[in-house]
Amino acid sequence: MRKGLLVLAVLAVVATACAPKSSTSTSAAAGDCTPDTMDLQTPGQLTIATGNPAYKPWYGGTSESGSDWKSGKYTGDPHTGEGYESAFAYALAEQLGFTRDQVTWLGIPFTKSFAPGPKDFDFAMQQISITPQRAKGVDFSDGYYNVNQALIADNGSPAIGVTTLAGLKDLKLGAPVGTTSLDVIQQEVQPNVEPGVYPDLDTALKDLHNGQLDGVVVDFPDAFYGYADQIVGQFPQLSGGQEQFGLAFEKGNALIPCVNQAIATLKSNGTLKQLEDKWLQTDASVPVFS
């Protein structure tokens, strides 16, 4: 009898240890999610990294004198609060208890945002798609925007009128290095022509306008902001499923549960949808390459 009870007790301990953890185990207590208690790069300041240049429609507005970001035809300044990600950043900061002047912006190359190792920012917000490969080097927040990719081209390009992935194989396509836009070219198009790989979108667009590229792959909302003459089509999702943007953190960053709570609130109260409607344009009638 005692032996049977001992076995049952052991089984109960094992079952408890192997049971799925409650979601509360990864949630943050309210007292841990204030500017005074968060573990930040700079006490009392929220340091957000993004690209420089920072592109529309994610960042907009006109740069003030002395800003490290220069606004232009395709670019904006994160300090302005204009553009989807800039507006989201300040809404997120407010939800976390920061004032506007407690937000610091840091310009970094895109690939640094998800590179392994120590970070000199609290998180990066740079249209960073959550992928298993990137998650080996950083931890991600919950997704804050669902996205897919599109092909843009100038008038006269042989890409105009193409409706199939097979029809793109012999074209010279380009995209910035390390992006899911480049992944789409390599994995979905599988071109016969070596794609153009660029340090940033601005450089890719220059080659497009100079006739050195037949088309550039961009995030779908980007396609509506005058980067090229025409939107040729949009791509099916990559094999991993729905592409989502997330915030990138140094591995093990204790700030993540607080940020996820704030993102959940901005979703549930309609703020993210309002920002999407205000700053982003898409069109479901744009054909999907078959």
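Numbers at a glance
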item	result
Exclusive hit being assigned by TED's automatic domain parsing to the domain that holds V217, open to solvent by less than 40 Å² (accessible area, probe 1.4 Å) and not in a loop (DSSP other than H, G, I, E, B), set A175, A159	A175
Single condition G81 does not satisfy, out of (1) out of contact with any strand residue (DSSP E or B) (no Cβ under 9 Å at 6 or more places or on another chain); (2) free of Cβ contacts under 8 Å to residues at least 60 places away in the same chain; (3) over 26 Å from V259 (Cα atoms)	(3)
Members of the range 178-199 that are without any contact (Cβ under 8 Å) to a residue 24 or more places away in the chain and in a strand (DSSP E or B)	V197
Filter result (surrounded by 21 or more Cβ atoms within 10 Å (Cβ to Cβ) and assigned to a loop (DSSP other than H, G, I, E, B)) within the range 146-156	none
Residues that are in contact with a strand residue (DSSP E or B) (Cβ under 6 Å, 6 or more places away or on another chain), over 24 Å from P199 (Cα atoms) and either open to solvent by less than 40 Å² (accessible area, probe 1.4 Å) or in a loop (DSSP other than H, G, I, E, B) (or both), drawn from the range 92-118	A93, F98, V103
Selection status of V138, under 24 Å from P53 (Cβ atoms) and in contact with a Lys or Arg (Cβ under 9 Å, 6 or more places away or on another chain)	yes
Residues within the range 124-145 that are in contact with a Phe, Trp or Tyr (Cβ under 8 Å, 6 or more places away or on another chain), surrounded by fewer than 16 Cβ atoms within 10 Å (Cβ to Cβ) and of a type in the set (K, R), tallied	0
Single unsatisfied condition, F220 versus (1) of a type outside the set (S, T, N, Q); (2) over 17 Å from T75 (Cα atoms); (3) under 20 Å from the mean Cα position of the chain (by Cα)	(2)
So Q237, is it of a type in the set (S, T, N, Q), at pLDDT below 95 and under 30 Å from V162 (Cα atoms)	yes
Scan of the range 119-145 for residues that are more than 30 Å from P35 (Cβ to Cβ) and in a loop (DSSP other than H, G, I, E, B), ordered by number	T131, P132, Q133
Residues being open to solvent by less than 20 Å² (accessible area, probe 1.4 Å) and within 16 Å of the chain's Cα centre (by Cα) - total across the range 257-267	2
Selection from the range 178-187 of residues that are surrounded by fewer than 21 Cβ atoms within 10 Å (Cβ to Cβ) and touching a helix residue (DSSP H, G or I) at 6+ places or on another chain (Cβ under 9 Å)	G178
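Residues checked against (1) free of Cβ contacts under 8 Å to residues at least 60 places away in the same chain; (2) of a type outside the set (A, V, I, L, M, F, W, C); (3) crowded, with 18+ Cβ neighbours inside 10 Å:
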{"residue": "G211", "(1), (2), (3)": "yes, yes, no"}
{"residue": "Q234", "(1), (2), (3)": "no, yes, yes"}
{"residue": "G240", "(1), (2), (3)": "no, yes, no"}
{"residue": "N269", "(1), (2), (3)": "yes, yes, no"}
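The values are calculated or read from the model by the stated rules, or taken from the named source; none is laboratory data. On a predicted model such as this, the values are computed, not experimentally measured, just so you know. Glycine gets a Cβ as well: all are built from the backbone with ideal geometry, and neighbour counts include every protein chain shown. SASA here: full protein model, heavy atoms, side chains in, ligands and nucleic acids out. Shrake-Rupley method; radii C 1.70, N 1.55, O 1.52, S 1.80 Å.
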